[in-house]
1. Only one of (1) over 25 Å from ALA42 (Cα atoms); (2) under 22 Å from the mean Cα position of the chain (by Cα) is not met by ILE111, so which one is it?
2. Only one of these is crowded, with 23+ Cβ neighbours inside 10 Å, in a helix (DSSP H, G or I) and over 18 Å from the mean Cα position of the chain (by Cα): ALA355, ALA351. Name it.
3. I'd like the full set of residues that are within 16 Å of ligand 1 (Cβ to nearest atom), closer than 17 Å to GLN85 by Cα and buried (at least 24 other Cβ atoms within 10 Å of the Cβ), limited to the stretch 16-32.
4. Would you mind listing the strands (runs of 3 or more DSSP E) fully within the stretch 1-100 where at least 3 residues are out of contact with any Cys (no Cβ under 7 Å at 6 or more places or on another chain) and touching a residue at least 24 places away in the same chain (Cβ under 8 Å)?
5. Taking SER276 as the residue in question, decide whether it is touching a residue at least 60 places away in the same chain (Cβ under 8 Å), farther than 27 Å from LEU134 by Cα and either within 15 Å of ligand 2 (Cβ to nearest atom) or not small (Gly, Ala, Ser) (or both).
6. Could you please find all residues in the stretch 199-228 being in contact (Cβ under 8 Å) with a residue 12 or more places away in the chain, over 22 Å from GLN156 (Cα atoms) and of a type in the set (D, E, K, R)?
7. Would you check which residues across the stretch 3-12 are more than 15 Å from GLU130 (Cα to Cα) and either near ligand 1 (Cβ under 6 Å from one of its atoms) or of a type in the set (Ser, Thr, Tyr) (or both) and list them?
8. Out of GLY293, GLY263, GLY274, which single residue is buried (at least 19 other Cβ atoms within 10 Å of the Cβ), modelled with pLDDT of 95 or more, among the small types (Gly, Ala, Ser) and closer than 28 Å to GLY182 by Cβ?
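The values are calculated or read from the model by the stated rules, or taken from the named source; none is laboratory data. Predicted model only: the values in this text are computed from it and were never measured. Note: ideal-geometry Cβ built from the backbone for every residue, glycine included; neighbour counts use all protein chains shown.
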Amino acid sequence: MRITNVCCIGAGYVGGPTMAVIAQKCPHVKVTVVDLNADRIAKWNDPDVDNIPVYEPGLGEIVAHSRGKNLFFSTEVDNAIDEAQLIFISVNTPTKTYGSGKGMAADLKYIELCARQIARVSKGDKIVVEKSTLPVRTAEANKNILDNTGNGVQFQILSNPEFLAEGTAVEDLLSPDRVLIGGENTEEGKKAIQALVDIYANWVPKERILTTNLWSSELSKLTANAFLAQRVSSVNAISELCEKTGANVSEVANAIGMDSRIGNKFLKASVGFGGSCFQKDILNLVYISKSFGLQEVADYWEQVIIMNDHQKRRFSKNIVSTLYNTVADKKITFLGWAFKKDTNDTRESAAIYVADDLINEQANIAVYDPKVNYNQVLSDLDYLETRAAESNKKHTISFSDPYEACKNAHAIAVLTEWDEFKEYDWQRIYDAMLKPAFIFDGRNLLDAKKMNEIGFVFQAIGS
Ligand code: UDX
Ligand code: UDX
């Protein structure tokens, strides 16, 4: 089957960039991205591509290239489903906040809603592609819903997990390490797999397109993220030991990273990993393991999360104890709120948890992030439900100018590794702060020697 019309349900950080790249690389395919959120769709359609809702370097140009030609953003979900031969599901699958599996299992209600909608609308055979990260064996549930509630048409389910990292999404999509496609080992299953392979083959070398069975594909995505997160937790565990022993975690990381068996990626000690995937995917792995009675397997992976929570808490505790055991009414400036640089995404960002701890100690938090606004900061804190929204508002403020943000601060905490922070006039910042002026570098971003020379009391993670 030659695919000429695809649709994607979910215009988020995954669906938006992925479809923009498919549209650019496959001019013969009409790509429609739909979303329930009308505001989000309107932003994707904004004539000025600087206003699209997802910030990713290079994405604006790619959207501008195809939008209105073979790339469309719309709220008309039924129409798009009806027209498409192949449908990507890229809606969010947050961790459940209620009922059984609360705080651990993935909430699949949006996925199920999508499956039911596809079943209701479809008048012809379709391929349904799971793009969202899902617990293993979700495809089975989707297939049941589609086959039993549909209009008697045939559905093929594929799993095609996304491995892009935010901040480098465009690069990752244009030259992926691999594309993974899982499907059923039947005649129809193989045809569906081939149809999707043919789309990616427009720009991805054949040897980088892997095909597997559905369960392997679903589990590979969780496993990839669990392994990456485990490396960060491992190096973060060593960072604490470094601080006690006089070792320097960057030096240790460099030394072990040169071992080709270990490799040098994902060894940056930090205030803790964030993002929409790592924690959620590991919790999925833990939950599935537990549900099969594999307690040791569950405990093993859960420790990655426990270490990450510890790292965030340790950072805020250190700020309090260094500032003479009290931060009440002190101004602490956060440089960065996003979960990593080059994205406006703040989901599970370490900054949120560090701020929450410090507000519990009655600190006043001043935030500067080049891509995150005040409303987002407030909604992230409110989401934790630690205290009344009024109180979050009282204890936070945000600035669009970093020098203003740092003025009269007792301390600066670096939470995101934005490149621009390195270029600041740090002498000017020092002169405008209260003394002694502290910096807590949660990203090992700034030059310790330079900061000490200016007069800062400087502490970085892991040294
Ligand atoms: C999400 C998940 O977080 C990730 O695990 C998965 O791999 C891909 O989907 P992301 O694109 O970053 O990643 O999520 P988000 O930015 O929240 O986008 C999801 C979009 O789906 C939202 O815009 C939401 O409005 C939309 N949506 C959700 C629908 O259109 N219909 C629904 O029923 C539910
Ligand atoms: C991740 C995976 O990399 C990607 O393949 C998957 O599809 C989705 O999840 P993402 O969440 O966008 O991508 O970001 P990633 O670059 O993996 O970083 C995750 C977190 O780990 C960030 O908070 C980052 O700052 C932190 N991190 C990463 C470190 O603290 N140290 C490192 O060395 C690397």
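1. Among (1) over 25 Å from ALA42 (Cα atoms); (2) under 22 Å from the mean Cα position of the chain (by Cα), the lone unmet condition for ILE111 is (1).
2. Among ALA355, ALA351, only ALA355 is crowded, with 23+ Cβ neighbours inside 10 Å, in a helix (DSSP H, G or I) and over 18 Å from the mean Cα position of the chain (by Cα).
3. MET19, VAL31, THR32
4. By residue number, 5-9, 71-74.
5. no
6. The answer is ARG208, and nothing else.
7. The one that is more than 15 Å from GLU130 (Cα to Cα) and either near ligand 1 (Cβ under 6 Å from one of its atoms) or of a type in the set (Ser, Thr, Tyr) (or both): THR4.
8. Only one candidate qualifies: GLY274.
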